[in-house]
1. Could you run through the range 297-322 and say how many residues are part of a loop (DSSP other than H, G, I, E, B) and touching a residue at least 12 places away in the same chain (Cβ under 8 Å)?
2. Every residue in the range 323-333 that is part of a strand (DSSP E or B) and surrounded by fewer than 19 Cβ atoms within 10 Å (Cβ to Cβ), please.
3. Could you tell me whether any residue of the range 282-296 is in a helix (DSSP H, G or I) and at pLDDT 95 or above?
4. Within the range 133-154, can you find the residues that are open to solvent by less than 10 Å² (accessible area, probe 1.4 Å), more than 10 Å from the ligand (Cβ to nearest atom), over 9 Å from A115 (Cα atoms) and not hydrophobic (A, V, I, L, M, F, W, C)?
5. In the list S14, S112, which residue meets the criterion of being in a strand (DSSP E or B), in contact with a Leu (Cβ under 8 Å, 6 or more places away or on another chain) and either modelled with pLDDT under 95 or of a type outside the set (V, I, T) (or both)?
6. What about Q179, is it within 28 Å of G317 (Cα to Cα) and touching a Pro at 6+ places or on another chain (Cβ under 7 Å)?
7. Would a scan of the range 20-28 turn up a residue that is within 13 Å of the ligand (Cβ to nearest atom) and assigned to a strand (DSSP E or B)?
8. Here is a check on your reading of the model: is R215 on the phi > 0 side of the Ramachandran plot and out of contact with any strand residue (DSSP E or B) (no Cβ under 9 Å at 6 or more places or on another chain)?
Amino acid sequence: MSVNHTAYTARAHSNIALVKYWGKADTAQNTPAVGSISMTLDGLFTTTECRFLPDLPEDDITLNGSTPSEIQSERIRSFLDLIRNRAGITSRARIRSDNNFPTGAGLASSASGFAALTLSATRAAGLSLTATDLSALARRGSGSAARSIYGGFVELPCAVPGNHRSHRDDPAAIQLFPQEYWDLRMLILIISTEEKPVGSRQGMIRTAETSPYYRSWVESAEADLRDMRNALQTRDFQKLGDIAEFSCFKMHGLMLSARPALLYWQQATVTAIHELRHLRHQGIPVYVTIDAGPQVKALCLPEYLDQISRVARSIPGIQHVLETKVGPNATLL
Ligand code: PMV
């Protein structure tokens with residue numbers, strides 16, 4: 001493989017799971033124990049420049065203008081090693097990566113981050129991979145990153161044998177529907193931008209090892225995926241919102257049943273859930289979803305966006321509110 005030392009820049013958009021992934025089938029391969037379905041977000045993205053340089057003594061990584069922590073750097077270096085091995089090169093890389101949104105606060109920066117890194121670094125290493133191969137590789141960095149290779153509505157199948165959608169042991173995401181398929185909107189209610197106390201990797205291991213509910217979580221996932229595919233197929237917003245809330249609260253119930261419990265919510269998270277439910281009972285179709293962090297995401301149709309946004313901004317403890325449409329595929333710039 002030839003490395004031409006040129007810098008390649010890629011952009012990948014974040015995504016939020018509508019059917020959640022929590023738990024690994026294989027920790028080393030980072031394969032998910034449950035499938036997931038997400039919506040790619042237009043307004044939240046990572047832009048990453050990568051270049052391999054023969055004279056660099058070690059990888060030189062800058063995230064959002066600063067040097068990352070040793071843990072973050074190690075995670076990125078091991079990921080770059082996968083690419084170096086595949087390309088048959090040994091050069092170290094210079095990486096510059098910027099998010100246009102707060103990092104590490106349950107806003108899935110690892111999803112867009114590893115997807116953008118996968119695309120830019122494989123190109124810079126002289127590889128030209130298919131979207132499927134890029135997605136499977138991005139998954140090694142972060143499970144949710146496999147989904148950020150694609151825009152629109154995306155499914156990452158699980159790796160458990162017997163699941164007819166994934167006989168492979170190296171799962172890649174597939175695009176169910178493209179960006180233009182359905183104009184859904186998401187509001188992101190920012191409650192705290194502090195780093196989360198337990199990262200998803202550790203959190204998933206703890207849950208699988210200690211929760212008495214883990215088995216039911218894994219066994220019940222396929223029904224949610226089937227129902228979500230169906231809700232998307234028929235563009236049934238109420239059904240989509242209902243399954244998204246169910247999957248989200250089931251995941252947080254599971255997290256709370258780990259020992260010690262994984263509690264990602266803050267006080268304002270609970271307040272926001274109540275306020276948005278109240279709005280729904282008044283006839284406004286809005287549904288919530290929450291990841292491994294305190295932020296509350298509200299799903300809605302475009303015609304209700306302004307009204308929901310006004311209410312969201314008035315909820316005590318909400319620092320600010322981001323609004324986004326469905327986003328595109330990851331691309332080289
Ligand atoms: O892929 P990770 O390690 O960022 O884990 C993602 C976990 C959740 O965001 C909570 C759910 C999901 O499917 O994105």
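The values are calculated or read from the model by the stated rules, or taken from the named source; none is laboratory data. Remember, it's a predicted structure, so these values are computed and weren't measured experimentally. For neighbour counting, all protein chains shown are included, and Cβ atoms are generated from backbone atoms with ideal geometry for every residue, glycine included. These accessible areas exclude ligands, DNA and RNA; they are computed on the full protein's heavy atoms, side chains included. Shrake-Rupley method; radii C 1.70, N 1.55, O 1.52, S 1.80 Å.
1. 6
2. E323, T331, L332
3. So in the range 282-296, the residues in a helix (DSSP H, G or I) come out as none.
Looking for residues that are in a helix (DSSP H, G or I) and at pLDDT 95 or above, one finds none in the range 282-296, hence no.
4. G151, G152
5. Numbers: S112 fails: in a strand (DSSP E or B).
Just a single option satisfies the conditions, and that option is S14.
6. Details: within 28 Å of G317 (Cα to Cα): no; touching a Pro at 6+ places or on another chain (Cβ under 7 Å): yes.
So Q179 fails the test.
7. Initial filter on the range 20-28 (within 13 Å of the ligand (Cβ to nearest atom)): 20-24, 27.
Retained after the next criterion (residues that are assigned to a strand (DSSP E or B)): 24.
Scanning the range 20-28, I find at least one residue that is within 13 Å of the ligand (Cβ to nearest atom) and assigned to a strand (DSSP E or B), so the answer is yes.
8. Criteria not met by R215.
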